[in-house]
Amino acid sequence: MSAVIDTHGHADHDGHGYQPSGLMRWVTTTNHKDIGTMYLWFSFTMLLLGGVLALTLRLELFRPGIQIVNPEFFNQLTTMHGLIMVFGAIMPAFVGFANWQIPMMIGAPDMAFARMNNWSFWLLPVAASLLVISFFVPGGAPAAGWTIYAPLSTQMGPGMDLGIFALHIMGASSIMGSINIVTTILNMRAPGMTLMKMPMFVWTWLITAYLLIAVMPVLAGAITMVLADRHFGTSFFNAAGGGDPVMFQHIFWFFGHPEVYIMILPAFGIISQVIPTFARKPLFGYASMVYATSSIAILSFIVWAHHMFTVGMPTAGLLFFMYATMLIAVPTGVKVFNWLATMWKGSMTFETPMLFAVGFIFVFTMGGFTGLMLAIMPVDVQLQDTYYVVAHFHYVLVAGSLYAIFAGTYFWIPKWTGRMYDETLGEWHFWLSLVFFNITFFPMHFLGLAGMPRRIPDYASQFTEFNQIATVGAFGFGLSQLLFLYIVLKVSVFAKGEKAPAKPWEGADTLEWTHLPSPAPYHSFHEAPEVK
Amino acid sequence: MNNKLGRLTGGLLLALYAELASAAYQLNFQAPVTRIASEIYDLHMLMMYVILVIFCVVFGVMFYSIYAHRKSVGHKAEQFHENTTVEIIWTVIPFLILIGMAWPATKTLIAFKDTANPDLTIKATGYQWKWGYDYIKGEGEGVAFLSALSTPQDQIHNQKPKGENYLLEVDNPLVVPVGKKVRILTTANDVIHSFWVPAFGIKQDAIPGFVRDTWFKADKEGTYRGQCAELCGKDHGFMPIVVEVVSAEKYTQWVAEQKKKTAAAAEDPNKQWTAGELIAKGEKVYAASCAACHQPTGKGLPPAFPALDGSKIATGDKNAHIDIVLNGKTGTAMTAFGKQLSDTDIAAVITYERNAWGNKKGDAVQPAEVKAARK
């Protein structure tokens with residue numbers, strides 16, 4: 001953000017003098033703060049783009065009948081909404097946080113591989129362009145759902161190939177970013193900062209990075225096989241040639257389930273920074289948080305087939321995946337209890353980051369409850385591929401991941417820009433988001449229970465009322481995010497608002513607050529701080 | 001003026017209220033009509049009660065803390081950050097609750113998977129975008145038909161008011177006897193579909209090239225409606241499943257009717273048809289099997305679904321035309337209709353396509369030619 005430029009001149013004392021300005025600064029930068037900023041703006045742009053697609057869907061679903069988009073285009077919209085939100089908005093946003101925060105929180109001068117960092121970021125706009133271009137090729141964008149199940153995905157036009165290449169590129173970007181994060185955390189911590197003294201956010205990202213390195217190649221494998229089936233006459237997923245369509249689902253979800261945790265673990269990290277700060281009390285059960293996060297990560301590799309309870313598996317397989325999935329409730333519960341115990345007997349204040357963090361716990365836990373419901377295989381049979389599932393994963397991805405991203409942004413933006421955001425507007429943003437989120441997604445539970453399948457452009461008349469409520473809520477939620485854009489633009493690009501002190505939050509105790517001024521200088525921690 | 005505004009607002013509010021009051025806000029599963037479905041219903045309710053209790057306890061604690069432990073009410077922060085006993089307790093209790101949930105779930109799951117000893121076995125085949133039913137074993141063996149959406153296009157496109165069972169109605173429903181164990185084998189012709197009847201508590205994916213199974217035993221006569229539950233392309237939202245559960249006598253009667261119909265419809269493949277007959281029959285086949293993609297106007301939805309009006313194949317060599325309809329085109333949504341349609345139907349629809357819209361080939365394809373091309 002632009003405030004960073006002002007501090008550049010006097011913070012830079014040791015021969016890193018040459019620095020292009022204007023656009024070239026951003027193209028060539030190897031600075032973790034610049035790259036973090038670019039990741040965050042990129043992901044916000046994708047959030048708005050994915051949001052516009054979602055609102056188009058909701059508009060079509062406002063009443064039964066085909067109104068504004070035809071069924072073929074509707075499928076393209078659902079698919080692209082999913083791909084853009086998962087790979088374009090949520091994941092890059094967390095990498096943006098990692099870039100800004102990890103070096104500052106462990107007392108490192110920058111990321112370990114500064115040039116590779118630049119490359120990881122600049123792959124993303126390329127991938128995003130491929131996705132957007134796919135709308136304009138013959139046959140349109142991929143329309144097989146974000147899960148691109150074969151053999152439906154082998155039926156699509158060239159848009160699917162563009163989608164596959166985009167996923168390959170984003171996967172490469174994620175893997176490089178993860179290697180960078182792991183190396184930085186393991187090798188560049190300030191003296192005295194043992195692993196078990198790291199801030200929780202750093203811990204969750206370390207685990208997330210390992211998950212990414214483990215599963216992105218699996219996704220790449222799955223989509224490469226689809227590509228080969230499409231063009232090179234192979235039959236990985238074609239029964240007529242000896243393949244098996246269900247194998248695609250096994251491979252995809254072996255990636256897909258850890259992916260779900262890739263999108264939530266850094267969120268847990270942010271919440272674990274925010275709650276203790278505003279409760280003015282240390283995080284309860286630090287060690288058990290680390291163990292719980294690791295157990296969730298390990299369990300994530302053995303539960304994938306709960307996404308496939310209806311494909312027809314042997315009884316023993318169903319039982320195994322049902323029990324393993326239910327087990328995840330234990331470490332997840334531990335995390336929620338730890339946050340509550342951190343709040344308990346604290347001295348709490350409720351600035352916007354804390355509001356979003358408490359909102360996160362409240363709404364994310366509801367997503368956890370529906371997750372438990374879906375783990376029960378016989379109940380899942382009724383709910384699989386219905387709006388209940390849509391409600392469930394939006395409760396954990398929007399009210400979970402996205403709320404944590406908001407909490408983190410409000411929390412750290414004084415450090416990033418040197419300005420305090422507008423507290424009143426921030427609180428408005430929280431309440432509007434919370435209310436409209438629930439208006440949008442709560443009725444979807446009922447739709448799913450009553451039997452409305454997901455990914456349909458038109459529905460039977462008895463589902464009308466709840467769909468109308470959801471559409472109204474969706475527009476409210478979407479428009480509320482423009483308020484967030486305004487709040488951020490004001491302190492970053494326009495550099496308006498009250499100047500932030502080095503430590504604006506009374507309870508903050510990590511290195512970026514205690515050792516660095518606000519805004520953080522362009523180059524920080526040339527000399528490593530001493531951690532006791 | 002003010003009065004008018006008041007009356008207008010009042011009227012609007014009244015209309016809104018009437019709308020809300022008349023609306024069907026269904027909050028739970030559909031009423032179950034099989035043992036499995038009612039077990040699922042009970043499992044869901046049991047879980048909901050447990051969840052509700054946990055919700056109240058956890059958030060009771062949270063909101064009490066938010067109320068009492070605020071800086072603005074002068075609460076001072078304590079600095080504890082560990083308590084092994086508490087941590088063990090809140091790991092073990094959820095674990096015990098989970099075991100309590102797993103027990104009934106396991107029992108239902110095992111019953112759900114028990115497809116042994118059915119009275120009637122029916123194969124359900126998913127096509128883009130309709131279902132095909134083959135009665136394989138038990139009373140009615142040999143009965144086979146296709147079942148497609150019967151909601152007219154003008155209702156979907158908002159040109160006519162929507163009917164009572166909008167999008168949940170088919171031309172030929174699946175008919176089964178009440179109180180009999182029916183095993184459904186699922187498979188698919190093109191992409192993955194999913195056979196779902198909520199009132200029966202069954203959902204089973206239909207996978208091309210593989211056969212999976214599920215079962216139900218309906219306890220109550222009636223008409224039950226479901227939909228395809230796995231994204232299967234353009235008309236995924238338009239391939240409902242309707243099951244009519246009837247008494248044993250009615251079922252026997254129905255089977256007899258079906259057999260008679262099949263016998264009457266059995267055509268001599270060597271019969272020579274006139275072009276007029278073929279075109280008339282072909283128009284019906286086209287509307288049922290082709291119009292969803294290639295459109296009633298023959299203009300298609302290019303580029304995914306090409307136009308037939310003026311197309312190279314429909315105005316070119318007869319044999320190429322027969323080949324693509326029989327065998328489909330790999331890598332596209334064009335299905336191999338050889339597996340779905342009879343020789344006569346294929347001959348008729350090809351003849352129709354070559355002589356409809358702007359296509360004026362004037363030739364006709366005889367069923368015998370299609371039969372020959374199958375080899």
Whole-number percent relative contact order across segment B:275-375, with pairs defined as alpha carbons under 8 Å at least 6 apart | 32
Accessible area in the full protein assembly, largest first, 1.4 Å probe, for A:Asp380, B:Asp171 | B:Asp171, A:Asp380
How much net charge surrounds B:Thr121 when only the other residues with a Cβ under 10 Å from the Cβ of B:Thr121 are counted, with Lys and Arg +1 and Asp and Glu -1?
-> 0
What angle do you read, to the nearest 10 degrees and between 0 and 90, between the alpha-carbon axis of helix B:343-355 and the longest principal axis of chain B?
-> 80
Cβ-defined net charge surrounding B:Phe80, 15 Å radius [Lys, Arg +1; Asp, Glu -1] | +1
Bins of 5 Å, starting at 0 and running to the largest distance - Cα pair percent for segment A:154-227 | 3, 15, 21, 16, 13, 10, 9, 6, 4, 2, 1, 0
Three-way shape label, segment B:234-303, alpha-carbon gyration tensor, a/c 1.5 | oblate
What are the semi-axes of the equivalent ellipsoid for segment A:322-383, taken as the square roots of 5 times the Cα gyration tensor eigenvalues, largest first, in whole Å?
-> 29, 13, 6
So what is the relative contact order of chain B, in percent, for Cα pairs below 8 Å that sit 6 or more residues apart?
-> 12
Please work out whether segment B:227-375 counts as rounded, prolate or oblate from its C-alpha gyration tensor, where a ≥ b ≥ c are the square roots of the eigenvalues and a/c under 1.5 means rounded, while otherwise a/b larger than b/c means prolate and anything else oblate?
-> oblate
For segment B:325-350 and segment A:483-529, compute the distance between their C-alpha centroids and round to whole Å.
-> 66
Take every Cα-Cα distance within segment A:121-269, group them into 10 Å bins from 0 onward, and report for each bin the whole-number percent of pairs it holds.
-> 11, 34, 30, 16, 7, 2, 0
Placing +1 at every Lys and Arg Cβ and -1 at every Asp and Glu Cβ, with all other atoms neutral, what dipole size does segment B:86-219 have around its Cα centre, in debye to the nearest 20?
-> 180
Can you give me the Cα centroid spacing of segment B:190-234 and segment A:138-181 in angstrom?
-> 29
With a/c under 1.5 counting as rounded, go ahead and sort segment B:192-245 into rounded, prolate or oblate using the C-alpha gyration tensor (a ≥ b ≥ c being the square roots of the eigenvalues; past the cut-off, prolate if a/b is larger than b/c, else oblate).
-> oblate
In Å³ and rounded to a whole number, note down the convex hull volume per residue for the Cα atoms of chain A.
-> 144
Return one number: the angle in degrees, 0 to 90 and rounded to the nearest 10, between the long axis of the Cα atoms of helix A:265-279 and the longest principal axis of the Cα atoms of chain A.
-> 50
Cα-centre dipole for the protein assembly as shown with unit charges at Cβ (Lys and Arg positive, Asp and Glu negative), debye to 20 = 400
The relative contact order of chain A, taking Cα pairs under 8 Å that sit 6 or more residues apart, comes to a percentage of 20
Furthest towards positive pole of dipole, B:Thr332, A:Phe356, A:Ala143, structure part the protein assembly as shown, Cβ charges | A:Phe356
For chain B, the fraction of alpha-carbon pairs in successive 20 Å shells from zero, as % | 21, 41, 25, 11, 2
Rg over Rh [alpha-carbon atoms, Kirkwood Rh] for segment A:281-346 | 1.16
What net charge is computed for the residues neighbouring A:Val27, neighbours being all others with C-beta under 15 Å from the C-beta of A:Val27, Lys and Arg scored +1, Asp and Glu -1?
-> +1
If you find the alpha carbon centre of segment A:323-395 and of segment B:111-165, how far apart are they in angstrom?
-> 38
Per DSSP loop assignment and a cutoff of at most 16 other beta carbons within 10 Å, chain B keeps its longest run without exposed GluC sites (Glu not before Pro) at B:268-375
Would you please give the residues with an amide H less than 5 Å from that of B:Ser194, counting only those at least 5 places away or on a separate chain, with H modeled from the backbone geometry?
-> B:Ala206, B:Ala229, B:Glu230
Kindly express, to the nearest 10 degrees and within the range 0 to 90, the angle between helix A:114-133's C-alpha long axis and the longest C-alpha principal axis of chain A.
-> 30
Roughly speaking, what % of Cα-Cα pairs in the protein assembly as shown are separated by over 49 Å, rounded to a whole number?
-> 27
Magnitude of the Cβ-charge dipole (Lys and Arg +1, Asp and Glu -1) of chain B about the Cα centre, nearest 20 debye, reported as 460
Summing -39500 (n - 2.57) over the DSSP H runs of n ≥ 4 in the protein assembly as shown and dividing by its residue number, what mean residue ellipticity at 222 nm do you reach, to the nearest 500 deg cm²/dmol?
-> -18500 deg cm²/dmol
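The values are calculated or read from the model by the stated rules, or taken from the named source; none is laboratory data. Being a predicted model, the structure only gives us computed values, none of them experimental. A quick note on method: Cβ atoms are made from the backbone with ideal geometry, for glycine too, and the neighbour counts reach across all protein chains shown. Quick note on the areas: whole protein, heavy atoms, side chains included, nothing else; ligands and nucleic acids left out. Shrake-Rupley method; radii C 1.70, N 1.55, O 1.52, S 1.80 Å.
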